Amino acid sequence: MKLWKRRAEGGSPVQTAPGRFAEPWPAQPYGPEKRLCDALRESIPVIDAAVGKICRLVGGFTVACGDARAQRLLADFLRTVPVNAGQEGASAFLQGYLRQLLYYGTAVGEMVLSPDGGDIAALYNAPLEGLELREGATPLETVICRAGPDGGPAPYPELVFYTALDPEPGNRYGTPLLHGLPFTGGILARIYRAIGTNWDRVGNVRFAVTYQPPAGGTDRTPAKERAAQIAEEWSRAMRPGAPVSDFIAVGGVDIRVIGADNPIPDSEVPVRQMLEQIVAKLGVPPFLLGLSWSTTERMSAQQTDILTSELEDYRRTLEPALRRICAMWLRLHGYPPEAEIRWDNINLQDELDLAQARLTNAQAAQIEEALEGKGEGG
């Protein structure tokens, strides 16, 4: 089934590719927020680590259709479909889509058709720089347009979709996961810069050499010349790579390390306070990020349960985009567009808990049957 006519030769089949559009429009609502999020990611590595953990822990999925043949072919498509440049499989697309959603609050994807319009040739994670979300005919409708005052809507809106993470009322752009962290992240970044500056000073020591002429005026050399001689000899003795040599001076010479009286302040407490705020916002247990904070086994189990709830919420947010991809592929191949997304269990502990629950239920049913049999026999 071909729903789109063949495109002109030489034209890019990707509607949301930045090269097709004008330069990024600086007045986009998400622009400052995006630059701020990028700065936080670059200065605080734990943010990238947490988002990467979330994307991997969301896990994989399978699809279920009413037609067995359609289900088999759709599963093969989701496993082998090209994604962006050099990737393969809907799971790779989903990870990029979720990463963009968490970092910037909004994610845009596109289904790229084959030249004859009869199949989905690839999935594409669209960069937000070249796009703008505008209001459609009603406030409930969102149109994905090219960036800039003269930008128009995508030629084939059926192939483009987007997801907003916890948008504010009346706002079409979502709220980034890092929203609310610029103040805390800025403090942490300043602490890190100060630590680097202090250790640069400690590793490359600066000296203060004070010369006091001998009492009684026995040194006939002017103080300025004597100070120049001392400075020259000191520089020669401390030159990097030079052999170890003695420094000999006449008169009272006092040598001190600049800043030695001011020890480097302990940064453990303020850094941990800032990291606690960041980790609380990201929703990832500290032990998954390599932060060895004291915790009990019961507390770790509770944190894991909370993380499971967070991951399930992200799955519900991603499902509409996955269903749209599956429905489009089924329509193009002449099948009913209904498909159910079945997510994998998040971890093996879930499998163990489910197995234990089934065992307990079976034992309870067996005991009930035995009691009912005794009652009837009596």
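Using a cut-off of 13 Å between beta-carbons, work out the net charge of the residues near GLU135 (Lys and Arg +1, Asp and Glu -1, GLU135 not included).
Numbers: positive: ARG134, ARG172; negative: GLU132, GLU141.
Combined, the nearby Lys, Arg, Asp and Glu give 0.
Please give the net charge around PRO270, taking every other residue with its beta carbon less than 15 angstrom from that of PRO270, where Lys and Arg add +1 and Asp and Glu add -1. Write down the numbers at each step before the final one.
Working: positive: ARG190, ARG193, ARG272; negative: ASP266, GLU268, GLU276.
Within the 15 Å Cβ shell, the charges total 0.
What ranking do LYS374, LYS281 get, fewest neighbouring Cβ atoms within 10 angstrom at the top? Write down the numbers at each step before the final one.
Working: LYS374 9, LYS281 17.
Placing the least packed residue first, the sequence is LYS374, LYS281.
Where does the charge balance sit around TYR335 when Lys and Arg score +1, Asp and Glu -1, over other residues with C-beta under 11 Å from its C-beta?
Details: positive: ARG69, ARG331; negative: ASP67, GLU338.
Local net charge: 0.
Taking the number of other C-beta atoms within 10 Å as the exposure measure, put GLU233, GLU110, GLU225, GLU158 in order starting with the fewest.
Working: GLU233 16, GLU110 22, GLU225 9, GLU158 12.
The order, fewest Cβ neighbours first, is GLU225, GLU158, GLU233, GLU110.
How much FRET efficiency would the formula 1/(1 + (r/R0)^6) give for ASP313 and ARG69, where r is the Cβ-Cβ distance and R0 is 30 Å, rounded to 0.05?
Numbers: r = 34 Å, r/R0 = 1.12.
The computed FRET efficiency comes out at 0.35.
Values in this text are rule-based calculations from the coordinates and carry no lab data. Note that the coordinates shown come from a computational prediction; the quantities given were computed from them, not determined experimentally. Glycine also receives a Cβ, built like all others from the backbone with ideal geometry; neighbour counts cover every protein chain displayed.
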